[in-house]
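Written out below as structure tokens is the structure these notes cover.
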Amino acid sequence: MDLGIAGRRAAVAAGSSGLGLGAAVALAAEGVHVAICGRDATRLATAAEAVGHGCVAIEADVSTVDGAVGFVEAASEALGAVDILVANAGGPPPGTFESTPIEAYPAALDLNLMSVVAMCKTAVPPMQERRWGRVVAITSLSVRQPIGQLILSNTARAGATAFLKTLALEVADDGVTVNSVQPGLHRTPRVADLYSEEQQAAIRMGDAADFGAVAAFLCSEQAKFTTGVQLHVDGGAYLGLQ
């Protein structure tokens with residue numbers, strides 16, 4: 001299926017590995033001009049080569065508001081504009097209510113909530129002016145079904161989801177869609193850090209490339225009337241009916 005987005009320009013945050021890289025590869029395969037960011041220059045260069053299609057590699061840390069804004073601004077300058085924003089970041093450290101000090105919460109909120117707000121505040125107004133735009137945020141299944149030992153991620157990503165849903169309603173008439181994709185467990189460095197090899201062997205896990213294809217579809221012309229959606233991509237792990 002031709003997604004109708006060839007020639008569009010995308011900024012994919014934290015696109016040097018994992019699900020961000022999966023999304024970047026899928027968009028580039030559709031003819032989208034892509035800029036990715038990461039903190040490790042070597043890994044970033046390797047990822048840009050894997051994405052291909054003239055992928056622009058930008059060293060940036062989106063765990064701070066300034067870093068998130070700087071990445072979108074740099075991507076806009078490199079590409080000419082940003083039509084598609086894939087808001088993404090790594091996860092905060094694991095922990096429970098008991099083990100997580102209150103001082104750990106601000107950094108987690110910066111990483112998984114305020115970075116999303118900052119990237120959208122920078123990217124969305126120009127999209128509104130051009131009357132076309134796509135925002136896809138990579139969050140987590142934990143928004144629907146909180147994951148034990150991940151209280152910081154559960155908290156911050158729930159806030160991001162509320163922000164994105166509100167934004168979607170405000171910009172829908174401007175030709176801009178805003179959706180989030182909630183991954184379950186996929187074969188990524190983050191999962192490898194959280195689970196032992198024995199635990200991973202016992203879990204049904206997805207592939208980052210397949211996840212990226214779902215994210216790319218939400219950026220398509222066919223998805224122009226799909227907005228405010230929180231789509232879980234989890235291999236059936238979510239147990240709720242709604």
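The values are calculated or read from the model by the stated rules, or taken from the named source; none is laboratory data. Please read these numbers as outputs of a predicted model, since none were measured by experiment. Every residue, glycine among them, receives a Cβ derived from its backbone with ideal geometry; neighbour counts consider all protein chains shown.
List, please: which pairs have Cβ atoms under 9 Å, are six or more places apart or on different chains, and start with a residue in region 78-98 that is under 16 Å from residue 110 (Cβ atoms) and end with one that is among the basic types (Lys, Arg)?
Pairs found: 90/190; 91/157; 91/190.
What pairs can you find where one residue is in region 17-44 and under 16 Å from residue 218 (Cβ atoms), the other is among the aromatic types (Phe, Trp, Tyr), and their Cβ atoms are less than 6 Å apart, with a gap of 6+ or different chains?
Final answer for the pair search is 19/211; 22/211.
Given the condition touching a His at 6+ places or on another chain (Cβ under 6 Å) and over 27 Å from residue 185 (Cβ atoms), answer yes or no: does some residue in region 1-20 qualify?
yes
Being of a type in the set (Val, Ile, Thr) and more than 25 Å from residue 39 (Cβ to Cβ) narrows it down to one residue among 84, 102, 147, 138; which is it? Give the derivation first.
Details: 84 fails: more than 25 Å from residue 39 (Cβ to Cβ); 147 fails: more than 25 Å from residue 39 (Cβ to Cβ); 138 fails: more than 25 Å from residue 39 (Cβ to Cβ).
After applying the criteria, what remains is 102.
Under 24 Å from residue 117 (Cβ atoms) and either in contact with a strand residue (DSSP E or B) (Cβ under 6 Å, 6 or more places away or on another chain) or in contact (Cβ under 8 Å) with a residue 12 or more places away in the chain (or both): which single residue out of 72, 51 fits that description? Explain how you work it out, then say what you get.
Working: 51 fails: under 24 Å from residue 117 (Cβ atoms).
The match here is 72.
May I ask you to verify whether residue 177 is over 19 Å from residue 238 (Cα atoms), out of contact with any strand residue (DSSP E or B) (no Cβ under 8 Å at 6 or more places or on another chain) and modelled with pLDDT of 70 or more?
Numbers: over 19 Å from residue 238 (Cα atoms): yes; out of contact with any strand residue (DSSP E or B) (no Cβ under 8 Å at 6 or more places or on another chain): no; modelled with pLDDT of 70 or more: yes.
In short, no.
Can you name the residue in region 145-168 that is closer than 15 Å to residue 95 by Cα and small (Gly, Ala, Ser) and, of all such residues, is modelled with the lowest pLDDT?
The residue in question is 148.
Looking at region 119-148, which of its residues are in contact with an Asp or Glu (Cβ under 8 Å, 6 or more places away or on another chain) and of a type in the set (Gly, Ala, Ser)? Can you show your working first?
Taking region 119-148 and keeping what is in contact with an Asp or Glu (Cβ under 8 Å, 6 or more places away or on another chain), we get 122, 127-128, 130-134, 141.
Residue satisfying the conditions is 133 alone.
Report the residue count in region 12-66 for those that are in contact with a Pro (Cβ under 7 Å, 6 or more places away or on another chain) and closer than 21 Å to residue 83 by Cα.
Just the residues of region 12-66 that are in contact with a Pro (Cβ under 7 Å, 6 or more places away or on another chain), to begin with: 17-19.
Right, trim to closer than 21 Å to residue 83 by Cα and you get 19.
So the answer is 1.
Out of (1) in contact with a helix residue (DSSP H, G or I) (Cβ under 7 Å, 6 or more places away or on another chain); (2) of a type in the set (A, V, I, L, M); (3) surrounded by 24 or more Cβ atoms within 10 Å (Cβ to Cβ); (4) closer than 26 Å to residue 172 by Cα, what's the single condition that is false for residue 60?
That leaves (4) as the condition not met.
Condition first: crowded, with 17+ Cβ neighbours inside 10 Å and free of Cβ contacts under 8 Å to residues at least 60 places away in the same chain. Now tell me which residues in region 110-131 satisfy that. First the steps, then the outcome.
In the first step, residues of region 110-131 are kept if they are crowded, with 17+ Cβ neighbours inside 10 Å; the result is 110-120, 122-124, 127.
Scanning region 110-131 gives 110, 111, 112, 113, 114, 116, 117, 118, 120, 122, 124, 127.
Would you be able to tell me the number of residues in region 132-159 that are over 16 Å from the mean Cα position of the chain (by Cα) and either of a type outside the set (Gly, Ala, Ser) or buried (at least 20 other Cβ atoms within 10 Å of the Cβ) (or both)? Don't jump to the end; show me each part of the working.
Within region 132-159, the subset over 16 Å from the mean Cα position of the chain (by Cα) is 132, 144-152, 155.
Checking which are either of a type outside the set (Gly, Ala, Ser) or buried (at least 20 other Cβ atoms within 10 Å of the Cβ) (or both) leaves us with 132, 144-147, 149-152, 155.
Result for region 132-159: 10.
Could you list all residues from region 67-109 that are touching a Leu at 6+ places or on another chain (Cβ under 6 Å) and surrounded by 20 or more Cβ atoms within 10 Å (Cβ to Cβ)?
Across region 67-109, the qualifying residues are 89, 92, 108.
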